[in-house]
Amino acid sequence: MSEQSPVKKKTPRSWKSLLWDTWDKPEEERKFLFRLDACLLTYAALSYFSKYLDQNNITNAYVSGMKEDLGLHGNQLNYITTAWTCGYVIGQIPSNMLITRIRPSIWIPAMEVIWSVLTMILATSKNFETLVVIRFFVGLAESTFYPAIQYVIGSWYKGEELGKRACIFHTASALGPMFSGFLQTGAYNGLNGTYGLAGWKWLFIIDGIITIPIALLGFYIMPDLPTTTKPSAILSQAHLDIAKARMEKVGRKPPAPFTREKASLKGRHAKTLLIVLQTRGFFATWHIYTLVPLYVLFNNGNGASTEMIFWLKSFNTRAGKEVYSVGQINTYPLPIYAVQVVTTLCYAWWSDIVGARWPPMLFAGTWNMITCIVLAATPLYTHTARRWVLYYFTSCMGGLSGLILAWANELTGSDNEKRSFVVSNCNMWAYVMQAWLPILIFPQVEQPRVLKGNVTTAVIDFFMMVFAMLTLYLSRRDERKAAKQRKLESALDASVAEADEDPDRKSIDLKVIAA
């Protein structure tokens, strides 16, 4: 059987269902989806919001006094960011393979508690080395969240529902940095010096305090998978039966047990060997070779969105006096994330309505490529109005993450373990690149000009679109093969049925079908 491809529109849909896909479904299914959305999407969005608070607060702290208090210099902020990325990369694949065997509702909130505590410990840092070590472990704990949540969401929703859900919760990745900027401004202005702590230290403490209650909520409201979630006051057995039937209908398979009999292996290490052999089999199809590069290129094609905060601060150094205050430096770049939120939701509805993931990818990639080219050609201080507008456009591609991983969930839906493996590889290799690429093309010492960073980003955006089209081509080729196979099987079944009535025709029919 061929891999699952994005669900196409098979019957006309009402205008209401184009606004929200549950409105034309049967009443019981609609009630089930309401409960699922209320629990899974609420927890996913809140946790992703807190994750981005804890992930991006280091930059806000850096420009708000941490650099001066700890004597940071050169590219040390890049190295601190890279330490987080290294931890984030190491934990990706092991976590997402474990999540097919252990309860996501325990594993994910537990890791969230750990990263929130570590974030608060950052406030005790007294030197560069301490920041590097703690940020590494923050990244390691946070590595469990995003690919695992995308895998879980892909285990519950059908094709016409998946893009919106994946992108709705992904908007929290923009809201987190927005809130972090306001939070740092408030902490600097209102808490700086309180109990002897600098404002940047209060940012880490407040972020941790925000995250812990969200993690505790997750232990209660987050579901596992349709086949492993136990009936509760939130999702009854009837709801779970609906969920299983829905996934069976679209060919989204549940976790398959690792058994010795399945591979005819004997002995103590049979299950380990089977896992290794099955994982090796994931590389036998094209999915990992196009979906992973597609996500890697997307994830590293938004580097220009970090420039504005350093551009604003550079005015102070250039003028020799305060042109922009700490509060202004932290808040003026925030419309970048507002643009990301709006475009993310537009891409989500667009993709689900047309039943295709690739059109928003081409649109956003072209937009971002043009933005980076014009940004590279624009002087720093003589065309400031133009640079303001261009900076606000630099995250127009940020909303594609949910669509790419929704595509991965759909295209690999017939193999649960492969689906988890591909999704985690997408995110892991994206951050493997992010561990060193920003240091190379967006070095701290070249901010805010970073000409080579803008040019390189434009090239990355172009190749992102190339891999989107390659994925489309290969998925449609598989669809044609699957349709041909179904037609052959249908003809064979019809021939066998007729042969039962007329044995003399049996050999003739089989020859025709084979031809």
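The values are calculated or read from the model by the stated rules, or taken from the named source; none is laboratory data. These numbers come from a predicted model, not from an experiment. For neighbour counting, all protein chains shown are included, and Cβ atoms are generated from backbone atoms with ideal geometry for every residue, glycine included. For the accessible areas, the whole protein counts, side chains as well, though only heavy atoms, and no ligand, DNA or RNA atoms are used. Shrake-Rupley method; radii C 1.70, N 1.55, O 1.52, S 1.80 Å.
Conditions (1) under 24 Å from A174 (Cβ atoms); (2) modelled with pLDDT of 90 or more; (3) open to solvent by 90 Å² or more (accessible area, probe 1.4 Å), marked per residue:
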| residue | (1), (2), (3) |
| --- | --- |
| E3 | no, no, no |
| P6 | no, no, no |
| S14 | no, no, no |
| S17 | no, no, no |
| W20 | yes, no, no |
| E28 | no, yes, yes |
| L36 | yes, yes, no |
| L40 | yes, yes, no |
| S47 | yes, yes, no |
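Condition first: in a helix (DSSP H, G or I) and within 18 Å of the chain's Cα centre (by Cα). Now tell me which residues in segment 363-400 satisfy that.
A364, G365, L400
How about segment 104-160: which helices (runs of 4 or more DSSP H) wholly inside it have at least 1 residues that are more than 30 Å from L240 (Cα to Cα) and open to solvent by less than 10 Å² (accessible area, probe 1.4 Å)?
Qualifying helices (runs of 4 or more DSSP H): 104-121, 128-142.
Can you name the condition, by its number, that P448 falls short on among (1) assigned to a helix (DSSP H, G or I); (2) over 16 Å from L294 (Cα atoms)?
So the condition that P448 fails would be (1).
When both residues are 6+ apart or on different chains and their Cβ atoms are under 9 Å apart, which pairs have a first residue that lies in segment 445-458 and is closer than 17 Å to N78 by Cα, and a second that is among the hydroxyl-bearing types (S, T, Y) and open to solvent by 30 Å² or more (accessible area, probe 1.4 Å)?
From residues that are closer than 17 Å to N78 by Cα, the pairs are Q447/T306.
Can you go through A270, A304, A215 and tell me which one is closer than 30 Å to P333 by Cβ, of a type in the set (A, V, I, L, M, F, W, C) and modelled with pLDDT under 85?
Sole residue among the options that is closer than 30 Å to P333 by Cβ, of a type in the set (A, V, I, L, M, F, W, C) and modelled with pLDDT under 85: A304.
Could you give every pair whose Cβ atoms fall below 8 Å, whose first residue belongs to segment 90-119 and is under 21 Å from I214 (Cβ atoms) and of a type in the set (D, E, K, R), and whose second residue is open to solvent by 10 Å² or more (accessible area, probe 1.4 Å) and not in a loop (DSSP other than H, G, I, E, B), counting only separations of at least 6 or pairs across chains?
Pairs that qualify, where the first residue is under 21 Å from I214 (Cβ atoms) and of a type in the set (D, E, K, R) and the partner is open to solvent by 10 Å² or more (accessible area, probe 1.4 Å) and not in a loop (DSSP other than H, G, I, E, B), are E112/I214.
Given the structure, is K249 exposed (fewer than 14 other Cβ atoms within 10 Å of the Cβ), modelled with pLDDT of 85 or more and not in a helix (DSSP H, G or I)?
no
Any idea how many residues of segment 57-99 are in a loop (DSSP other than H, G, I, E, B) and surrounded by fewer than 21 Cβ atoms within 10 Å (Cβ to Cβ)? Walk me through it before giving the result.
Filtering segment 57-99 for residues in a loop (DSSP other than H, G, I, E, B) gives 71-75, 99.
This time we only want the ones that are surrounded by fewer than 21 Cβ atoms within 10 Å (Cβ to Cβ), so: 71-75.
Of the residues in that region, 5 qualify.
Are there any pairs, at least 6 apart or on different chains, whose C-beta atoms fall under 6 Å, with the first in segment 237-252 and over 19 Å from A406 (Cα atoms) and the second open to solvent by 60 Å² or more (accessible area, probe 1.4 Å), and if so, which?
Pairs that qualify, where the first residue is over 19 Å from A406 (Cα atoms) and the partner is open to solvent by 60 Å² or more (accessible area, probe 1.4 Å), are Q237/P231.
Any chance segment 109-128 includes a residue that's under 24 Å from F32 (Cα atoms) and at pLDDT 85 or above?
yes
Residues checked against (1) modelled with pLDDT of 90 or more; (2) touching a Cys at 6+ places or on another chain (Cβ under 7 Å); (3) of a type in the set (K, R):
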site	(1), (2), (3)
M433	no, no, no
W436	no, no, no
I439	no, no, no
Q444	no, no, no
Q447	no, no, no
V450	no, no, no
T456	yes, no, no
M465	yes, no, no
R476	yes, no, yes
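If you go through segment 314-346 one residue at a time, how many are under 19 Å from G186 (Cβ atoms) and either part of a helix (DSSP H, G or I) or β-branched (V, I, T) (or both)?
Of the residues in segment 314-346, 9 are under 19 Å from G186 (Cβ atoms) and either part of a helix (DSSP H, G or I) or β-branched (V, I, T) (or both).
Pairs needed: first member in segment 215-226, within 18 Å of K51 (Cα to Cα); second member anywhere, among the acidic types (D, E) and in a helix (DSSP H, G or I); C-beta distance under 8 Å; at least 6 residues apart or different chains.
Hits for this filter: A215/E112; G218/E112.
Looking at segment 348-366, which of the residues that are among the small types (G, A, S) and within 17 Å of G159 (Cα to Cα) is surrounded by the fewest Cβ atoms within 10 Å (Cβ to Cβ)?
Among residues in segment 348-366 that are among the small types (G, A, S) and within 17 Å of G159 (Cα to Cα), the one surrounded by the fewest Cβ atoms within 10 Å (Cβ to Cβ) is G355.
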